[in-house]
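Take a look at the structure set out below.
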There are 2 protein chains.
Amino acid sequence: MLPIPIKKFIELFSELPSIGPRQATRLAFHLIASGKNTIQEIERSLSDIKNLKNCEQCFFIATAPSNLCFFCADSKRRKDLIAIVEKPTDLLSLEKTRTFNGQYFILGDLAKAGVLETAQRLRIKNLASRMEKEFPDKNAEIIIAISPTTFGDFTAQLITQEFKPLVKKITRLGRGIPTGGEIEFADEETLRNALERRN
Amino acid sequence: MLPIPIKKFIELFSELPSIGPRQATRLAFHLIASGKNTIQEIERSLSDIKNLKNCEQCFFIATAPSNLCFFCADSKRRKDLIAIVEKPTDLLSLEKTRTFNGQYFILGDLAKAGVLETAQRLRIKNLASRMEKEFPDKNAEIIIAISPTTFGDFTAQLITQEFKPLVKKITRLGRGIPTGGEIEFADEETLRNALERRN
């Protein structure tokens, strides 16, 4: 009934976050009706993001040709204050508060299963080594900006254990954020309060 | 703050139907995290749908190498019964009822403004010429399967005027569909009723 390229498109796009088969179908016909130029523009855009690399320090996206991201490359930001977040979108939400002037560290999506992946444990170990080397006097500070879900709390405990011997202060984002909620969806004011009242 | 390729991606994807800037942002980071192979697969899929052509008869998507779509190429379907629909997704919804065995004709998205585009008027004229030629005895039938919105009703009137002298019967989909609702979102049973009770 549907040509194979459309079926394939629907299959691929249905797998993307919050796009179902119905929206994927509408997208397919919308794009075909939009014409070759529109589709080509999207292809070019995909090709461009394909070549992006992670910041070698914090795992946000590096701003080419640098190997660092916007935040790690910015000499005006504090290097002794690091916010550990789960996702790049969490970083963007925090940044919108214009309250935080430190650096970030992205852990990667926390699995629902409740166990950190090897890659995530490695990222934490690497950050720990870096802190040890850069701040032998232990005068740095870590903010754990992980969503206060059950597994987020568990992860926060792990991080606290890891960094306790290495830094002078470890805090989590304060109240403000409703328990069980997601950082990504909090409004700027709630996040601003959470940054100020962290404990 | 964000590398230019990500900004461009968010801008492009935010323009697609029912994708907002927030979902586009999440999509961008999701795709980057999914890696090159996933993005390449999507690029290939886009490249494939880019080369699809409209059915030269009904303006659904032609199944290559034919110039006709699945429905127009199917010799088992009635050629003297034509359902005029707005969108390809409306066609798919009707087809799911397994009640209709005629052919389709796609008018294209009705503008909110209330006037048919030149291309749409041309499509109607072309269909009219075809009916005149193929059914000089006027023994064909037209089903107007346009959503019963204000402008849908207006369009239905236009179509009725155009085809009244050319076919033996013109009907619209029957009750069943709530007034002001959209065909695309009707369940199969409602659509089946609407096909049976058309008037």
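Observations on the model:
- In region B:53-71, the residues that are touching a strand residue (DSSP E or B) at 6+ places or on another chain (Cβ under 9 Å), buried (at least 19 other Cβ atoms within 10 Å of the Cβ) and at the interface with another protein chain (Cβ under 7 Å from one of its Cβ atoms): B:Ile61
- Conditions (1) open to solvent by 50 Å² or more (accessible area, probe 1.4 Å); (2) more than 8 Å from chain A (Cβ to nearest Cβ); number of the one not met by B:Asp109: (2)
- Answer from B:Asn126, B:Asn139 - the residue that is in a loop (DSSP other than H, G, I, E, B) and more than 14 Å from chain A (Cβ to nearest Cβ): B:Asn139
- Taking the criterion of being of a type outside the set (S, T, N, Q) and surrounded by fewer than 20 Cβ atoms within 10 Å (Cβ to Cβ), the residues of region A:157-166 that qualify are A:Leu158, A:Glu162, A:Lys164, A:Pro165, A:Leu166.
- Hits in region A:19-51 (condition: outside any helix (DSSP H, G or I) and either closer than 11 Å to B:Ile49 by Cβ or open to solvent by less than 80 Å² (accessible area, probe 1.4 Å) (or both)): A:Ile19, A:Gly20, A:Gly35
- Residue check for B:Lys96: among the charged types (D, E, K, R), assigned by TED's automatic domain parsing to the domain that holds B:Ala128 and touching a strand residue (DSSP E or B) at 6+ places or on another chain (Cβ under 8 Å): no
- When residues of region B:161-187 are limited to those that are over 18 Å from the mean Cα position of the chain (by Cα) and among the charged types (D, E, K, R), the one farthest from B:Lys112 (Cα to Cα): B:Lys168
- Evaluating B:Leu46 against the criteria (1) in contact with a Cys (Cβ under 9 Å, 6 or more places away or on another chain); (2) farther than 25 Å from A:Leu68 by Cα leaves one unmet condition, (1).
- Verdict on A:Pro88 being farther than 29 Å from A:Asp137 by Cα, free of Cβ contacts under 8 Å to residues at least 60 places away in the same chain and either open to solvent by 40 Å² or more (accessible area, probe 1.4 Å) or away from chain B (no Cβ under 11 Å) (or both): no
- Test: residue in region B:128-141 that is among the hydrophobic types (A, V, I, L, M, F, W, C) and within 21 Å of B:Pro88 (Cβ to Cβ): no
- The set of residues in region A:1-18 being open to solvent by less than 70 Å² (accessible area, probe 1.4 Å), part of a helix (DSSP H, G or I) and closer than 19 Å to B:Phe70 by Cα consists of A:Pro5, A:Ile6, A:Phe9, A:Ile10.
The values are calculated or read from the model by the stated rules, or taken from the named source; none is laboratory data. Keep in mind the model is a prediction, meaning the values are calculated, not measured. Here Cβ is always computed from backbone atoms with ideal geometry, including for glycine, and neighbour counts include all displayed protein chains. Calculation scope for accessible area: heavy atoms of the full protein, side chains included, ligands and nucleic acids excluded. Shrake-Rupley method; radii C 1.70, N 1.55, O 1.52, S 1.80 Å.
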